[in-house]
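Just below is one structure, and these are the notes that go with it.
Just so it is clear, none of the values below were taken in a lab; they were calculated from the coordinates. A quick note: this is a predicted structure, and the numbers were derived from the prediction, not measured. Positions of Cβ are generated from backbone atoms using ideal geometry, with glycine treated the same way; all protein chains shown enter the neighbour counts.
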Amino acid sequence: MIDETITLGVINRLRIDRFVVPGLFLMAEDESDLLLPNQYVTDEMKLDDELDVFVYTDSEDRLVATTQRPVAMRDEFGFFEVVDVAPFGAFVDWGLPKDLLVPKNRQKTAMKIGEKRFLRVIKDDRSDRLIGVEKISQYLDKPPMINSNTPVSLLVIAKTPLGFKVIVDNLYEGLIYHDEIFQNIAVGDVTDGFIKHVRKDGTIDVSLQKIGTNARKLDDSEKIMKLLIEKRGILPYNYKSDPETIKEIFGLSKKAFKRSLTALVDAKKIEVNEKGIFKI
């Protein structure tokens, strides 16, 4: 089913209406249309086919379609590299032929070519164009009371003395504490996580593992078994392995690793000796 209208900044499902020299025209239900340039047209595309395309504006501010996906779409966050600067703002690479403008008054500090900045893509009401903004606090919602262990998507945006700041489900700001991280993460990573606690001030504490001993045992054991299967049933680690090695290989603390090994031994899924871990 094609979309009723064409919407800027998101994925649209549109019907191929006609082929022209510069490419092909896609049409919405209300008969509004736009060009998909030749560089995105393939031999498999036929009249009346439905395509999923991203809609933005070209250098002349006309709506145009692409089969490419940008770093982030409208009302989404992402990390972008600065590729050009001008008196009125800066331009960042967002994976499309036309770079994204970040107006000077929407920057926290003056941008420099080569920097990577964390931005939100929005539609500017004055120009009806998509722009990037670095001042994002007004676009973050205050979270409702979310149940513990609710699965969420996390975008890691900054490292702090307490832990890593994250954007939760593209809506809220959260924090993962350093002493609860047992895998390698870095600014810019997108990963899965779980709600730990929503504070009264709206701050969300987030975990990379499910909360609760039983839940952790299950998840951690699955990590070990998955890696064991990938390595053909043998891993050169045991109860005496170095904590830093365990964290790097399994993403677990030494305590969680030993607990999971014992659970798997008791379940008769593995054997552990001085040479390593062996799948039964």
Provide the FRET efficiency to the nearest 0.05 for the residue 280-residue 149 pair, computing r from the beta carbons and using R0 = 30 Å. 0.50
Which of the lysines could a cross-linker bridge to residue 142, judged by Cα under 30 Å and excluding same-chain residues fewer than eight apart? 104, 108, 116, 123, 159, 165, 196, 200, 210
Counting other Cβ atoms within 10 Å, which trypsin sites (Lys or Arg not before Pro) in segment 83-120 have at most 14 and lie in a DSSP loop? 98, 108, 112
I need the calculated FRET efficiency for the pair residue 13 and residue 58, taking r as the beta carbon distance and R₀ as 22 Å, to the nearest 0.05. 0.60
How much length, in nm to one decimal, is gained on full extension between residue 177 and residue 255, taken as 0.36 nm per residue of separation minus their Cα-Cα distance? 26.3 nm
What nm distance separates the two modelled labels at residue 39 and residue 139, each placed 7 Å from Cα along Cα→Cβ? 2.4
Give the distance, in whole Å, between the Cα centre of segment 165-180 and the Cα centre of segment 226-248. 28
Looking only at segment 133-173, which residues have a backbone nitrogen under 15 Å from a spot 7 Å from the Cα of residue 186 in the C-beta direction? 156-159
Choice from 221, 32, 153 with maximal GNM fluctuation in the chain (Cα, 10 Å cutoff): 32
At R0 = 22 Å, FRET efficiency that the Cβ-Cβ distance of residue 242 and residue 81 yields, to 0.05: 0.05
Placing +1 on the Cβ of each Lys and Arg and -1 on the Cβ of each Asp and Glu in segment 72-131, which of 87, 113, 100 has its Cα farthest towards the positive end of the resulting dipole? 87
Comparing 86, 65, 186, which has the greatest mean-square fluctuation in the GNM of the chain with Cα pairs linked when under 10 Å apart? 86
Just need the relative contact order of the chain here, percent rounded to a whole number, with Cα pairs under 8 Å and 6+ apart. 10
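Taking a ≥ b ≥ c as the square roots of the Cα gyration tensor eigenvalues, with a/c under 1.5 meaning rounded and otherwise prolate when a/b beats b/c, else oblate, which class fits segment 174-274?
Prolate, since a/c reaches 1.5 and a/b exceeds b/c.
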So what is the relative contact order for segment 150-266, in percent, with contacts set as C-alpha pairs under 8 Å and at least six apart? 21
